[in-house]
1. Remind me, what semi-axes does segment 112-164 give for its equivalent ellipsoid, largest first in whole Å, using sqrt of 5 times each Cα gyration tensor eigenvalue?
2. Taking H placed 1.01 Å from N in the peptide plane, check which residues at least 5 places from G180 or on another chain put their amide H under 5 Å from its amide H.
3. Report the full-extension gain for the segment E167 to E292: residue separation times 0.36 nm, less the Cα-Cα distance, to one decimal in nm.
4. Name the residues of segment 169-184 whose amide N is less than 11 Å from a point 7 angstrom out from the Cα of R219 along the C-beta direction?
5. About the Cα centre of segment 146-272, what is the dipole size in debye to 20, counting +1 per Lys and Arg Cβ and -1 per Asp and Glu Cβ, all else neutral?
6. Compactness ratio of segment 66-127: Cα Rg over 2.2 N^0.38 Å, N = residue count?
7. Which order do peptides 244-256, 228-240 fall in by mean Cβ count within 10 Å, highest first?
8. At 7 Å along the Cα-to-beta-carbon direction for both L247 and I155, put a label point, then send me their distance in nm to one decimal.
Amino acid sequence: MSRAKTLSLFTFIDAFGWEILQRHAFLDDLLTTRIPLGTVFGYSSTCIPTILTGKLPREHGHLSFFYYDPQRSPFGICRLLRFLPRSLTRRGRVRRIMSRLIQRYYGYTGYFQIYNMPFEYLPLFDYSEKRDIYQPGGINGGVPTIFDVLRQQGIPFHVSDWRRSEEDNLKALTAALEEGSVRFAYLYMASMDAILHAHGTRSPLVSQKIAWYEEHLRRVIALAQKTYEDVRVYVFSDHGQADVERLCDLMKRIDSLKLRFGVDYAAVYDSTMARFWFLNDSARHQIVEVLEADPHGHILSEQQLAAYGCDFPDHRYGELFFLVDPGVLICPSFMGETPLAAMHGYDPDHKDSLAMLASNVTPDPLPQRLDDMYALMVSEAIGHSDDVALIRQQGAGTASEMDPLPCPT
Ligand SMILES: [Zn+2]
């Protein structure tokens with residue numbers, strides 16, 4: 001039996017940063033091109049839409065999960081839950097069950113978690129990832145993803161299910177490769193992020209996990225090489241992590257101002273940034289004063305936000321962003337109450353923020369930042385530069401063609 005021609009295999013490993021790659025052996029004999037890849041401001045909720053679309057947040061519309069929008073908040077139902085004792089509602093298990101119930105109630109297909117958001121504040125906020133970003137119409141801004149391009153071009157491809165375990169995703173990929181009909185495959189691996197958060201970047205568990213990835217990917221590549229003449233392998237990440245050295249109890253300091261949440265101001269405390277909306281000038285003045293005196297971070301200027309591609313004209317994700325320094329964790333935050341060993345979501349240019357790309361081919365041009373991964377994936381899928389230029393020019397489709405659901409933002 002003759003072998004199928006070419007397979008482009010993209011493996012995404014969440015939080016496998018450039019600094020971490022530098023300290024480990026990882027498929028060194030196979031993946032000889034290894035480069036740092038600039039990340040973007042935000043968390044995986046920003047990075048992944050950027051990878052999949054080649055756009056920055058202002059165009060794809062995804063930044064953090066929660067944003068102030070009491071008119072369109074789907075969480076009115078949570079008002080009733082504010083009477084439940086905090087001893088119950090703070091439990092992770094209870095919050096996971098609540099997340100699942102709300103998700104099912106509204107039919108959300110995206111990654112949905114209420115994290116540590118206080119139930120009494122939830123009705124003031126909307127959520128950005130209601131739809132599965134890997135499916136048609138999943139991107140808020142209506143821009144196409146690499147998977148929309150593949151679908152539109154009729155290129156047979158395999159993509160992992162992000163809801164499944166790494167083992168399940170490896171099994172599904174193996175089955176697709178044995179069958180040999182796909183030309184493009186995207187493997188999604190997300191467990192290392194949690195290991196880094198829990199144990200820090202220097203933990204032996206991180207080294208073990210990298211060895212595990214190496215072993216499994218070696219097997220997958222060997223299998224692919226049996227079925228395909230040319231196997232083009234790209235392993236890449238979305239960001240690194242920095243070890244946490246200091247905690248910042250920003251919430252306590254803002255709470256001590258005795259301003260009324262939802263009346264004077266609103267805020268979301270992510271793990272490394274706090275985002276504010278001001279409902280009167282006095283609240284703005286007082287909060288800015290506290291933030292300017294805080295030694296853990298700084299207020300991002302409009303120019304900085306524009307450089308990050310986070311200059312939303314409607315200030316949807318916040319009128320003011322306070323970003324902490326690498327190694328600082330806002331704790332407690334609306335994301336969690338427990339200190340973590342490592343975090344991401346800092347200054348994207350910091351060395352620990354950098355993502356990486358490792359490959360057995362040398363792409364031309366070399367991607368510089370996450371948003372360049374889209375063009376690389378398109379060129380691998382299409383394999384012809386004229387077609388790539390055409391797709392870049394036209395887009396692979398419009399929101400109205402692909403999007404059967406109302407856009408949440
Ligand atoms: Zn993470």
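1. Numbers: eigenvalues 192, 36, 5 Å².
That gives 31, 13, 5 Å for the three semi-axes.
2. When sequence neighbours closer than 5 places are left aside, there are no close amide H contacts.
3. Details: separation 125, 0.36 × 125 = 45.00 nm, distance 4.67 nm.
So the extension gain works out to 40.3 nm.
4. 170-171, 174
5. On the way: 16 positive and 19 negative charges, 41 e Å.
Result for segment 146-272 is approximately 200 debye, rounded to the nearest 20.
6. Cα Rg divided by the expected 2.2 N^0.38 Å: 1.04.
7. Numbers: 244-256: 15.3, 228-240: 22.2.
With the highest mean Cβ count within 10 Å placed first, the list reads 228-240, 244-256.
8. So the two model labels end up 4.7 nm from each other.
Where a number appears in this text, it was derived from the coordinates with a stated rule and is not lab data. Fair warning: this is a prediction, and the values are worked out from it, not measured in the lab. Every residue, glycine as well, gets a Cβ built from its backbone with ideal geometry; the counts of neighbours run over all protein chains shown.
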